[in-house]
Amino acid sequence: MEVTDFKQIKFFEKYTGEQLQKIASVSSVKEFKVKEIIFEQYDELTEIYVLLQGSLSLGISLPKDKRIHLGTIEEGQLFSWSAIFPPYISTAWVMAVTPAKVIAIDARKLNAEIEQDCDFGFKTMSKIAQTISHRLSDTRFQLMNQLNV
Amino acid sequence: MADTTNIYKPLKARLEEVIEESPLIKTFVLIPEREFVFGTGQFIELSVDGVGEAPFTPSSSPHVHDRLEVTVMKTGYVTNIMHQLKPGVMMGIRGPYGRGYPVSNFEGREVLILGGGCGLAPIRSLLFALEHMKDDLEKVILCYGSKTPTDCIYKPLFSRLNSIDKFEAYRTVDMSEEGWDGPVGVATTLLGRVKVKIENSVAVVCGPPIMMKFGTIRLLEMGYRDDQIYLSMEKNMSCGLGKCGHCMMGEFFVCKDGPVFTYKEIKHNPEIWK
Amino acid sequence: MYYINIRKEDWHSSLERLLLSYDIFVPVKNEFSLDYEPFRLYEAENISYNTPKPSTPLKNFFLPVRENVTSSRESDKPRIIIGAPNCDIEALRLLDEIYLDKTFTDPFYRNRRTSTVLISSDCFSTNDHCHCLSYGVKPYSIENADLAIAVENDDIFLRVISERGKELAAQFTPQQPVESSHRVSFIEQNHHSVEASLADKNKGLPDYQATGQIVQKAGNDIWVKYASKCVSCGACTTICPTCSCFLLIDKPDFEKVKQMDACQYPGFERVAGGEDALFELPHRFKNRYMCKYVWKPQKFTATACTGCGRCIEACIGKINKNELFMELT
């Protein structure tokens, strides 16, 4: 992907051209077919993703191959943030519901850049924090609905 | 109006049909004795003869005056009895009461509707009203969440809306079920898909108090001003006339000053999400 | 506004004559206190003038505890109510704003208001908890009532206030106009001494607006403290001349009965789903003060508390709202 392509995506709007160049150099675009698993719960994660096109479902696994669908990842959203934080183990599985296209960013190399470049690190961590915050808020709301509060 | 001389006297209406929407929710089709005119978002007090009455916002089009549809969720004493009624009985209607959606303010704008649970009932009426004036609107988007796929009422509504020019409808569920491959998550998660020009938009939120609270927070984060967000507040509306005091929310009588308020009007009140 | 004078015995015989066309209520001392009774000539000597105040607030004449609001009724017989203190007369202004509101006028309240003549009674003394003056309400009527009565020995003086009062006043015969202000100087004197007594007794009590501000700002502790003796009996709301919240009860054949209710009863704001915003007692207790001193003033021009003090007298937990307000200042 080119830097200009990144600039079209809302997720990357605050980064400078130089910073986007760094991200582009450690990213690739991947495509998934319907029902294809992107990663399983408890997988060790090496990449952090931003969904470009399509729709993904997120959930947890139960014994006897049962999957509980808990949420949906929308276009433009970041997922697989556990790849940035030790122990880098996924807390959920993610599967493509429709044909999907994602930007896959090498998490080790991104971490190295975060440590080196403070401004870049701050912007990246802010975006990740915001994503997690929204997801937590939505999940709490979902929980309250289930508890009939 | 029910009775121009006596504000307490109901207008009689025959229950023509009962539609089962979900295990706990039924839609009642009522034929009033006289033409009944209401504004979308206004409510009525629907009574069971000799038992009691409860407030409901009609879910039918405000442009139809000889029949009325009211969606009733089985939650308490009166609604439990209502759910046992069979077509042919007479019911009582008092109203219409309150301040409904000011649809004339929506002309030339994009309308984003965020709904949850039983909130789809008043929203359905609003959608009919908006469809009637769609030439004067830029866009109408519905984001709706129900607990499970089975709990969603008016299932045919979504495909119908998506086939109308300028209308978009999205559905999500809190908990998935066998056979569901749509989005999972609360209604606010659908807002990520929505493309609106916020400066020229209004947002309407209708659903359980928790959903209204989270929805309002998310809309404000998106950039909506507090006077662009319309909330339908539920309270213990009883007389509907701004007199009996049961529906007071701070200084407002919800039955008279509402039930539709802008967030700006009520945000100073700490009780609004109770 | 002007005065007319009638000798007491002529006053009594006029009232008797008026009984043919009106129901007449007069304030009579009973073994407990003072209250309204139908006028009967043979008991006329027991009428108590210029003494505050009947236990029953004036609102009960216009908003009965229970009434059927759907079945048609014969029109109300005209009434004369004698002896209402000005705190009750002023309280009617709020009830008028609520029930005579143009969008939804209560026809029963309206008919009773138009068929009732109010003869207010100037207060020439005070009860323990009277504090009308602190809220801008005088202990005598110069507006809103139709007539006002002041008695000196065997002389009845009627202050004619409204057109309706003027029409009724003409029916008291024989009567003499009051030309010299000297004859009614006793009224002025009594007004002054009662006002002085009220000011002295209620020194330091914040006025109506100030009370609204301190109630709004108060923390939770004060409500917990004062609500600790409350049992939600609802006496305060029942006896209050401005409280009028009600229930509509369904009866067979789509009849409806309107019955007085109280925000102090648990479940007042309970919704079908089970949530009850006023479930907690201190919060429910606070709610009434917020309603009377903060919210009603935002919606209505009439005052929602006229300082009659009946709530303090009636409370079985001996809760005194004025002590609460003084503590907050």
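The values are calculated or read from the model by the stated rules, or taken from the named source; none is laboratory data. As the structure is a computational prediction, the values presented were derived from the model and not from experiment. Every residue, glycine as well, gets a Cβ built from its backbone with ideal geometry; the counts of neighbours run over all protein chains shown. With ligands, DNA and RNA removed, areas are computed over all heavy atoms of the protein, side chains included. Shrake-Rupley method; radii C 1.70, N 1.55, O 1.52, S 1.80 Å.
For the set C:265, C:3, C:109, C:140, solvent exposure ranked by accessible area (probe 1.4 Å, protein chains only) runs largest to smallest as C:265, C:3, C:140, C:109.
Annotation for residue B:227 and residue B:17: the two label points, set 7 Å from Cα along the Cα-Cβ direction, are 4.3 nm apart. Excluding ligands, DNA and RNA and using a 1.4 Å probe, chains C and B jointly bury around 3200 Å² of accessible surface, summed across both partners. Candidate cross-link partners of residue C:53 among the lysines, defined by an alpha-carbon separation under 16 Å and a same-chain spacing of 8 or more, comprise C:29, C:138.
If you wrap the range A:11-91 in the convex hull of its Cα atoms and look at it from every side, the mean projected area works out to 6.2 nm². Along the charge dipole of the protein assembly as shown, which of C:178, C:196, B:51 sits closest to the positive end, that is, farthest toward it, with unit charges on the beta carbon of Lys, Arg, Asp and Glu (+1, +1, -1, -1)? Result: B:51, furthest along the dipole toward the positive end. Modelled spin-label separation between residue C:210 and residue A:5, with each label point placed 7 Å from Cα along the Cα-to-Cβ direction: 7.4 nm.
Surface composition of the range C:72-134: carbon and sulfur atoms hold 47% of the protein heavy-atom accessible area at a 1.4 Å probe. The simple Förster model, with R0 at 30 Å and r as the Cβ-Cβ distance, assigns residue A:25 and residue B:159 a FRET efficiency of 0.10. Based on the Stokes-Einstein relation at 25 °C and a viscosity of 0.890 mPa s, and on the Kirkwood radius from alpha carbon pairs, the range B:114-270 is assigned a translational diffusion coefficient of 148 µm²/s. When the Cα atoms of the range B:137-187 are aligned to their principal axes, the ranges along those axes come out at 36, 19, 17 Å in descending order. In the range A:31-52, which residues have a backbone nitrogen under 19 Å from the label point lying 7 Å from residue A:130's Cα in the Cα-to-Cβ direction? Under 19 Å, as judged by backbone N against the label point of residue A:130, lie A:48-52 of the range A:31-52.
Comparing the protein assembly as shown with the 2.2 N^0.38 Å rule of thumb, its C-alpha radius of gyration ratio is 1.23 (two decimals). Expressed to the nearest 5 percent, the antiparallel share of DSSP beta bridges inside the protein assembly as shown is 70 percent. With respect to chain B, whose longest principal axis is taken over its alpha-carbon atoms, helix B:120-132 is tilted by about 80°.
An ellipsoid equivalent to chain B, defined through the eigenvalues of its Cα gyration tensor, has semi-axes of 28, 22, 18 Å when rounded to whole angstrom and sorted largest first. The loop-placed trypsin sites (Lys or Arg not before Pro) in the range C:179-235, going by DSSP, that have at most 10 neighbouring Cβ atoms within 10 Å of their Cβ come out as C:203. The residues of the protein assembly as shown have, on average, 44 Å² of accessible surface per residue, using a 1.4 Å probe with all protein chains present. Between amide H atoms placed 1.01 Å from N, distances below 5 Å from residue B:143 occur with B:113, B:114, B:115, B:170, all of them 5 or more places distant or on a separate chain.
Taking Cα centre as origin and charging only the Cβ of basic (Lys, Arg, +1) and acidic (Asp, Glu, -1) residues, the dipole magnitude of the range C:263-329 rounds to 240 debye. For the range A:43-75, a decrease in accessible area of 30 Å² or greater in the assembled protein chains relative to the isolated chain, with a 1.4 Å probe, applies to A:69, A:72, A:74. Taking the Cα centre of the range B:1-105 as reference, the dipole from Cβ charges on Lys and Arg (+1) and Asp and Glu (-1) amounts to some 160 debye. Considering only C:124, C:135, C:158, the residue lying farthest towards the positive end of the dipole of the range C:102-236 is C:135, judged by Cα position with unit charges set on Cβ. Measuring max minus min along each principal axis, the C-alpha atoms of chain C give extents of 65, 56, 39 Å (largest first). Taking amide hydrogens as placed 1.01 Å from N in the peptide plane, the amide H of residue A:69 sits under 5 Å from those of B:176, each at least 5 positions away in sequence or on another chain. Along the range C:204-213 the Karplus relation, 6.51 cos²θ - 1.76 cosθ + 1.60 evaluated at θ = phi - 60°, assigns HN-Hα couplings of x, 6, x, 6, 4, 5, 4, 4, x, 5 Hz to successive residues, with x for each Gly and Pro.
For the range C:39-145, the C-alpha radius of gyration divided by 2.2 N^0.38 Å, with N the number of residues, is 1.18. Structure note, pairs A:30/A:127; B:264/C:59; B:264/C:299; A:35/B:134: Cα-Cα distances above 27 angstrom occur for B:264/C:59; A:35/B:134. Residue ranges B:205-212, C:30-37 sort as B:205-212, C:30-37 when ordered by packing (mean number of other C-beta atoms within 10 Å per residue, highest first). For chain B, modelled as a GNM whose springs connect Cα atoms under 10 angstrom apart, the maximal fluctuation among B:100, B:88, B:117 occurs at B:88. Taking all protein chains together and rolling a 1.4 Å probe, residue C:76 ends up with roughly 50 Å² accessible.
Here's the picture: charge each Lys and Arg Cβ at +1 and each Asp and Glu Cβ at -1 in the range C:31-153, and of C:144, C:64, C:108 the one pushed furthest to the positive end of that dipole is C:108. Placing A:118, B:143 in order of accessible area, with the largest value first and a 1.4 Å probe, yields A:118, B:143.
For the range B:1-84, the Kirkwood hydrodynamic radius comes to 13.3 Å, computed from all pairs of different C-alpha atoms. Residues of the range C:55-73 falling in the label zone of residue C:164, defined by backbone nitrogen less than 19 Å from a point 7 Å along Cα to beta-carbon, are C:57-64. Distance from the C-alpha centroid of the range B:258-272 to that of the range C:72-126: 34 Å, rounded to the whole angstrom. Rounded to the nearest 20, the Cβ-based charge dipole of the range C:188-317 about its Cα centre (Lys and Arg +1, Asp and Glu -1) stands at 220 debye.
Using only alpha-carbon positions in the range C:208-297, the gyration tensor eigenvalues give semi-axes of 27, 16, 12 Å once each is multiplied by 5 and square-rooted (largest first). Backbone phi angles across the range C:283-295, fed through the Karplus curve with coefficients 6.51, -1.76 and 1.60 (θ = phi - 60°), yield HN-Hα couplings of 5, 5, 5, 5, 3, 5, 6, 4, 4, 6, 10, 10, 7 Hz in residue order; Gly and Pro are listed as x. Note on residue C:8 and residue C:189: the extension gain reaches 63.0 nm, defined as 0.36 nm multiplied by sequence separation minus the Cα-Cα distance.
Within the straight-line cut-off of under 18 Å between alpha carbons, the lysines reachable from residue A:33 are A:101, sequence neighbours fewer than 8 places apart in one chain being disregarded.
Taken as entire DSSP H runs, the helices of chain A that both span 20 Å or more between Cα atoms along their own long axis and average -0.5 or more on the Kyte-Doolittle scale are A:118-146.
Computed as a quarter of the hull surface, the mean projected area of the alpha carbon convex hull for the range B:1-151 stands at 9.2 nm². Heavy-atom accessible area with a 1.4 Å probe sorts C:292, A:14, B:155, largest first, into A:14, B:155, C:292. Rolled with a 1.4 Å probe across the full set of protein chains, the surface gives residue A:2 an accessible area near 120 Å². Taking the accessible area of the range B:7-65, probe 1.4 Å, and keeping the other protein chains in place, the carbon and sulfur fraction comes to 48%.
Of all DSSP bridge pairs formed entirely within chain B, close to 55 percent run antiparallel. Put simply, chains B and A cover up around 1800 Å² of each other's accessible surface, both sides summed, when a 1.4 Å probe is used.
Within the straight-line cut-off of under 18 Å between alpha carbons, the lysines reachable from residue C:251 are B:9, B:12, sequence neighbours fewer than 8 places apart in one chain being disregarded. Helix C:185-201 and the longest principal axis of the Cα set of chain C meet at an angle near 20°. Using a 1.4 angstrom probe on heavy atoms only, work out the carbon and sulfur share of the accessible area of the range C:197-296 in %. That fraction is 55 percent.
Based on every Cα atom in chain A, Rg and the maximum pairwise Cα distance Dmax equal 15.8, 49 Å.
If R0 is 25 Å, the Cβ-Cβ spacing of residue C:114 and residue C:31 corresponds to a FRET efficiency of close to 0.10.
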